[in-house]
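Quick notes on the structure that follows.
Values in this text are rule-based calculations from the coordinates and carry no lab data. Note that the structure is predicted; figures quoted are calculated from it, not measured. Methodologically, a virtual Cβ is constructed for each residue, glycine included, from the backbone with ideal geometry; neighbour enumeration extends over all protein chains shown.
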Amino acid sequence: MSIFEYNGSALVAMVGKNCFAIASDRRLGVQLQTIATDFQRIFKIHDKLFLGLSGLGSDAQTLHQRLVFRHKLYQLREERDMKPETFASLVSAMLYEKRFGPYFVQPVIAGLGEDDKPFICTMDSIGAKELAKDFVVAGTASESLYGACESMFKPDMDHEELFETISQALVSSIDRDCLSGWGGHVYIVTPTEVTERILKGRMD
Amino acid sequence: MECVFGMVGKGFALVVADSSAVNSILVHKSNEDKIMVLDSHKLMGASGEAGDRAQFTEYVQKNVALYQYRNNIPLTTKAAANFMRGELATALRKNPYMVNIVLAGYDKETGPSLYFIDYIATLHKVDKAAFGYGSYFALSMMDRHYHPDMTVDEAIKLADQCIEEIRSRLVVAPQNFIIKIVDQDGAREHSWRRTTKD
């Protein structure tokens, strides 16, 4: 089994009209055994920037701690929050630093940039950025997620429709993946508020 | 076939570990204490490579004590768990400690807590945790019978059921088990479950 599939994960982010959504599954496993059903994969960096980390849980936790540290330093120096594009470049640089001994994670970055324009991107474990205008996926269920998102996505959805779409895409994909599941965690971010919802899916 | 498991009850946390020290087919001793008392209100049940287990648990215990001497205040369970995770993560890509840990602690402000830390330094706060081949039986048993806010008697009864299951269903089941408990009065040994005397 690949090291990326050791803990199991599913992550998806989608762009809507002046909003974005980022969602993950909740399973923490050790290969075939499930350890916990409330594992957090999406982290808030600041009110308009969220980071999802799929792949090896340990490296996701290490990278999250390092990134929070870097962002706090940035906030102290620049006296403002980091833009999503800048943060994505930071993550990419940090991952490439470990080019020959990488972190086994695949990050998904979603944020509201200048003028609250939604920004999403993903990258591989050594920091190759993939910017997308519609959706990005990561994790063991990524192939299913690509299919589900491609068929369900429409541009310029409002936040309620976006929530429905991303939830359906996530749940249907993780139902087909044995290593991810046990519900979903969805964040819908608009310029004015952040809504966090827990989904109940097939609890297996 | 080492086994460590633990659970959180009402105002306490329990850790159970087997007590066999094995080398290939030989059982060196069957009264090895694998649950280290880190400080007055923390228990650290560890399983894995014997040398790494002894070294790492002692290292953590001494550093937890050092923090208390330096700062005049004990570490919280969460802080101790994160310290352990940090050490395991740093060592992971150099000289990994092959040790899986169940950390149980009692804090005055937050009550009892249990942390799952595996050898790859994955940290998660849980209500019930188990490591080793025995975990397949212990976790299933706890999934069925565990409920939040159990009393000490109920938790000991559940631990006994898990031990019974491990004894009867695991091909090379450990002979003896040690049970330790931590609550507001501190961390202490609760009892042994013996099949052989050492």
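Please enumerate the residues belonging to the stretch B:45-57 that are assigned to a helix (DSSP H, G or I), of a type outside the set (A, V, I, L, M, F, W, C) and either under 14 Å from the mean Cα position of the chain (by Cα) or surrounded by 13 or more Cβ atoms within 10 Å (Cβ to Cβ) (or both). Lay out the reasoning, then the answer.
To start, the set of residues in the stretch B:45-57 that are assigned to a helix (DSSP H, G or I) comprises B:50-57.
Filter again for of a type outside the set (A, V, I, L, M, F, W, C), leaving B:51-53, B:55, B:57.
Those that are assigned to a helix (DSSP H, G or I), of a type outside the set (A, V, I, L, M, F, W, C) and either under 14 Å from the mean Cα position of the chain (by Cα) or surrounded by 13 or more Cβ atoms within 10 Å (Cβ to Cβ) (or both): B:D52, B:R53, B:Q55, B:T57.
For the list (1) farther than 26 Å from A:L63 by Cα; (2) free of Cβ contacts under 8 Å to residues at least 12 places away in the same chain, I need the number of the one condition that A:E130 fails.
Every listed condition holds for A:E130 apart from (1).
Restricting the stretch A:96-121 to residues that are of a type outside the set (K, R) and farther than 26 Å from A:D25 by Cβ, which is farthest from the other protein chains (Cβ to nearest Cβ)? Steps first, answer last, please.
As a first pass, look at the stretch A:96-121 and keep what is of a type outside the set (K, R): A:96-97, A:100-116, A:118-121.
Still in the running and farther than 26 Å from A:D25 by Cβ: A:96-97, A:100-101, A:113-116.
Values: A:Y96: 16, A:E97: 13, A:F100: 11, A:G101: 6, A:G113: 32, A:E114: 36, A:D115: 38, A:D116: 34 Å.
Applying the filter and picking the extreme gives A:D115.
Are any of the residues in the stretch B:33-47 among the hydroxyl-bearing types (S, T, Y), touching a residue at least 40 places away in the same chain (Cβ under 8 Å) and closer than 22 Å to B:R188 by Cα? Step through it out loud before you land on a result.
If we filter the stretch B:33-47 for residues that are among the hydroxyl-bearing types (S, T, Y), which is where we start, we get B:40, B:47.
After this cut, where a residue has to be touching a residue at least 40 places away in the same chain (Cβ under 8 Å) as well, the list is B:40, B:47.
Right, trim to closer than 22 Å to B:R188 by Cα and you get B:40, B:47.
Yes, some residue in the stretch B:33-47 is among the hydroxyl-bearing types (S, T, Y), touching a residue at least 40 places away in the same chain (Cβ under 8 Å) and closer than 22 Å to B:R188 by Cα.
What's the total number of residues in the stretch B:125-156 that are out of contact with any Leu (no Cβ under 7 Å at 6 or more places or on another chain), under 19 Å from B:A104 (Cα atoms), part of a helix (DSSP H, G or I) and within 14 Å of chain A (Cβ to nearest Cβ)?
4
If I go through the stretch B:157-198 residue by residue, how many of them are under 15 Å from the mean Cα position of the chain (by Cα) and part of a helix (DSSP H, G or I)?
Residues in the stretch B:157-198 being under 15 Å from the mean Cα position of the chain (by Cα) and part of a helix (DSSP H, G or I): 3 in total.
Six or more apart or on different chains, Cβ atoms under 6 Å: show the pairs whose first residue is in the stretch A:104-117 and free of Cβ contacts under 8 Å to residues at least 60 places away in the same chain and whose second is β-branched (V, I, T).
Short answer, once both residue conditions are applied: A:P107/A:V91.
Limited to the stretch A:120-144, what total is found for residues that are of a type in the set (A, V, I, L, M, F, W, C) and under 13 Å from A:A21 (Cβ atoms)? Don't jump to the end; show me each part of the working.
First, the residues of the stretch A:120-144 that are of a type in the set (A, V, I, L, M, F, W, C): A:120-121, A:123, A:126, A:128, A:131-132, A:135-138, A:141.
With the extra rule that they be under 13 Å from A:A21 (Cβ atoms), the set shrinks to A:120, A:135-137.
Total satisfying the criteria: 4.
Just the residues that are in a strand (DSSP E or B), out of contact with any Gly (no Cβ under 7 Å at 6 or more places or on another chain) and within 13 Å of chain B (Cβ to nearest Cβ), please, taken from the stretch A:30-45. Outline the logic, then answer.
From the stretch A:30-45, those in a strand (DSSP E or B) are A:30, A:33-36, A:42-45; that's our starting set.
Still in the list and also out of contact with any Gly (no Cβ under 7 Å at 6 or more places or on another chain): A:30, A:33-34, A:36, A:43-45.
Hits for the stretch A:30-45 are A:V30, A:Q33, A:T34, A:A36.
Restricting the first residue to the stretch B:141-157 and requiring it to be more than 9 Å from B:V8 (Cα to Cα), which pairs with a second residue that is assigned to a helix (DSSP H, G or I) and acidic (D, E) meet a Cβ separation below 6 Å and a spacing of at least six or different chains?
Filtered contacts from the stretch B:141-157: B:M141/B:E165.
So which residues in the stretch A:46-61 are crowded, with 24+ Cβ neighbours inside 10 Å, part of a strand (DSSP E or B) and either away from chain B (no Cβ under 14 Å) or of a type outside the set (S, T, Y) (or both)?
Listed by number, the residues that qualify are A:F50, A:L51, A:G52, A:L53, A:G55.
Mind listing whichever residues of the stretch B:108-124 are of a type in the set (V, I, T), assigned to a loop (DSSP other than H, G, I, E, B) and at the interface with chain A (Cβ under 10 Å from one of its Cβ atoms)? Lay out the reasoning, then the answer.
Step one: list which residues in the stretch B:108-124 are of a type in the set (V, I, T), which gives B:110, B:117, B:120, B:122.
Filter once more, so that each one left must be assigned to a loop (DSSP other than H, G, I, E, B): B:110, B:120, B:122.
Of everything in the stretch B:108-124, those that are of a type in the set (V, I, T), assigned to a loop (DSSP other than H, G, I, E, B) and at the interface with chain A (Cβ under 10 Å from one of its Cβ atoms) turn out to be B:I120, B:T122.
B:G105 fails exactly one of the following numbered conditions: (1) part of a helix (DSSP H, G or I); (2) over 30 Å from A:F104 (Cα atoms). What is the number of that condition?
All conditions pass for B:G105, except number (1).
So B:P112 clears everything in (1) surrounded by fewer than 21 Cβ atoms within 10 Å (Cβ to Cβ); (2) over 16 Å from B:V60 (Cβ atoms); (3) touching a Phe, Trp or Tyr at 6+ places or on another chain (Cβ under 8 Å); (4) not hydrophobic (A, V, I, L, M, F, W, C) except one condition, right? Which one?
It is condition (1) that B:P112 fails.
Can you confirm whether B:A138 is in contact (Cβ under 8 Å) with a residue 60 or more places away in the chain, buried (at least 24 other Cβ atoms within 10 Å of the Cβ) and in contact with a strand residue (DSSP E or B) (Cβ under 7 Å, 6 or more places away or on another chain)? Explain how you work it out, then say what you get.
Working: in contact (Cβ under 8 Å) with a residue 60 or more places away in the chain: yes; buried (at least 24 other Cβ atoms within 10 Å of the Cβ): yes; in contact with a strand residue (DSSP E or B) (Cβ under 7 Å, 6 or more places away or on another chain): yes.
Answer is yes for this residue.
Suppose we filter B:K34, B:K42, B:K29, B:K10 for residues that are surrounded by fewer than 23 Cβ atoms within 10 Å (Cβ to Cβ) and within 22 Å of B:A138 (Cβ to Cβ); which single one remains? Even if it seems obvious, please write down each step before you answer.
Values: B:K34 fails: surrounded by fewer than 23 Cβ atoms within 10 Å (Cβ to Cβ); B:K42 fails: surrounded by fewer than 23 Cβ atoms within 10 Å (Cβ to Cβ); B:K29 fails: within 22 Å of B:A138 (Cβ to Cβ).
Going through B:K34, B:K42, B:K29, B:K10 in turn, just one is surrounded by fewer than 23 Cβ atoms within 10 Å (Cβ to Cβ) and within 22 Å of B:A138 (Cβ to Cβ): B:K10.
Given the criterion hydrophobic (A, V, I, L, M, F, W, C), surrounded by 15 or more Cβ atoms within 10 Å (Cβ to Cβ) and within 14 Å of chain A (Cβ to nearest Cβ), identify the matching residue among B:V22, B:V64, B:V16, B:V99.
Working: B:V22 fails: within 14 Å of chain A (Cβ to nearest Cβ); B:V64 fails: within 14 Å of chain A (Cβ to nearest Cβ); B:V16 fails: within 14 Å of chain A (Cβ to nearest Cβ).
Going through B:V22, B:V64, B:V16, B:V99 in turn, the sole match is B:V99.
Sort out which residues of the stretch A:62-89 are more than 14 Å from chain B (Cβ to nearest Cβ), surrounded by fewer than 18 Cβ atoms within 10 Å (Cβ to Cβ) and among the aliphatic types (A, V, I, L, M), and write them in order of number.
Correct list: A:L73, A:L76.
For the stretch A:1-29, name all the residues that are within 14 Å of chain B (Cβ to nearest Cβ) and not in a loop (DSSP other than H, G, I, E, B).
Within the stretch A:1-29, A:I3, A:F4, A:E5, A:L28, A:G29 meet the criteria.
Please enumerate the residues belonging to the stretch A:88-128 that are basic (K, R) and under 20 Å from A:K44 (Cα atoms). Spell out how you get there, then give the answer.
Initial filter on the stretch A:88-128 (basic (K, R)): A:98-99, A:117.
Once the filter is applied, which keeps residues that are basic (K, R) and under 20 Å from A:K44 (Cα atoms), the stretch A:88-128 yields only A:K117.
Between a residue in the stretch A:68-91 that is among the polar types (S, T, N, Q) and any residue that is part of a loop (DSSP other than H, G, I, E, B), which pairs come within a Cβ distance under 8 Å, given they are 6 or more apart or on different chains?
Matching pairs, first to second residue: A:Q75/A:D81; A:Q75/A:M82.
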